[in-house]
Amino acid sequence: MTKTLLKTGNLTTGYFPRRKESVVLQRKLNVQLTAGEMVCILGPNGAGKSTLLRTLLGFQKALSGEVFYSGRSLRNLTIGEVAREVSVVLTDRIGDSFLTVYEVVASGRYPYASFTGRLHEQDRQIIADAIRQAGIENIANQQFLTLSDGEKQKTMIARALAQDTPMIFLDEPAAFIDSPNKVMVMEMLKTLAHGHEKAVLLTTHDMEPALRFADRIWLLGVNGEFEEGVPDELVRRGSINRLFDNETVVFDSTARRFEKRK
């Protein structure tokens, strides 16, 4: 039986501008995330992709509604408990740029370390496995700051793997890397979901890789529209066209790419 790891109850997302009423982005979302699947959050700029992700993590307050991790309300979980449920790869830069790749990955074990921060043999084995799964054994001793964008992203994914959580959330994991590495990252994430029963949730602007690799898509619109489904369904019923087509470009459902409007 598939295990539900995340569930929302009438979740409304948005933000509070200074001295103004709240701005609502998405209303009363009731979605769930299960073990062994990869879900992409897609939508035009301003639709609230990152806001939704941050709200699901508790980094940003929901306007209303609730988020549940394995049946427990997020608001009742401690920081340590959350860190054992979900690992996060955001677009924020690493603060200490002089760390080695190994040290960055090892920091994923901090939620499990002793009071002194000492790592045990089991921790070291998990770190080594994460480095191997991410395919970065050859750069493990390099300083993080010397890496290419693609190598940095793989290192951050390895850190998330070392944290050894049932869920992994990523904000634009392929935003700053070239096309071949985008494919490699997406393939890696799908392998993690299917091969290791992780629930992988990521935001992305890249329509074509999302349609190719995602098991399901959460599709957001700038006016609060929300649809979810498998990629083929969303393409077939014209959901991509409704939310993305404009005066200049149109989504070609056969080629599965955007074309200049004729």
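The values are calculated or read from the model by the stated rules, or taken from the named source; none is laboratory data. On a predicted model such as this, the values are computed, not experimentally measured, just so you know. Every residue, glycine as well, gets a Cβ built from its backbone with ideal geometry; the counts of neighbours run over all protein chains shown. The accessibility values were calculated without ligands, DNA or RNA, using every heavy atom of the protein model including side chains. Shrake-Rupley method; radii C 1.70, N 1.55, O 1.52, S 1.80 Å.
Among the candidates Asp252, Asp232, single out the residue that is surrounded by fewer than 14 Cβ atoms within 10 Å (Cβ to Cβ) and within 24 Å of Leu53 (Cα to Cα).
Working: Asp252 fails: within 24 Å of Leu53 (Cα to Cα).
Result of the check over Asp252, Asp232: Asp232.
Checked against (1) farther than 24 Å from Leu25 by Cα; (2) open to solvent by less than 60 Å² (accessible area, probe 1.4 Å); (3) not in a helix (DSSP H, G or I), Val200 passes all but condition (1).
Taking residues in the stretch 236-262 that are within 16 Å of Pro209 (Cα to Cα) and touching a residue at least 40 places away in the same chain (Cβ under 8 Å), and partners anywhere that are part of a helix (DSSP H, G or I) and open to solvent by 70 Å² or more (accessible area, probe 1.4 Å), the pairs with Cβ atoms closer than 6 Å and at least 6 places apart or on different chains are Arg257/Glu208. Entry remark, the stretch 1-57: residues being assigned to a strand (DSSP E or B) and either within 15 Å of Leu201 (Cα to Cα) or among the β-branched types (Val, Ile, Thr) (or both) number 17 in total.
From the list Glu208, Glu228, which residue is on the phi < 0 side of the Ramachandran plot and either of a type in the set (Phe, Trp, Tyr) or free of Cβ contacts under 8 Å to residues at least 60 places away in the same chain (or both)?
Values: Glu228 fails: either of a type in the set (Phe, Trp, Tyr) or free of Cβ contacts under 8 Å to residues at least 60 places away in the same chain (or both).
Checking each option against the conditions leaves just Glu208.
When the stretch 212-227 is limited to residues that are assigned to a loop (DSSP other than H, G, I, E, B) and modelled with pLDDT of 95 or more, the one that is most open to solvent (accessible area, probe 1.4 Å) turns out to be Asp215.
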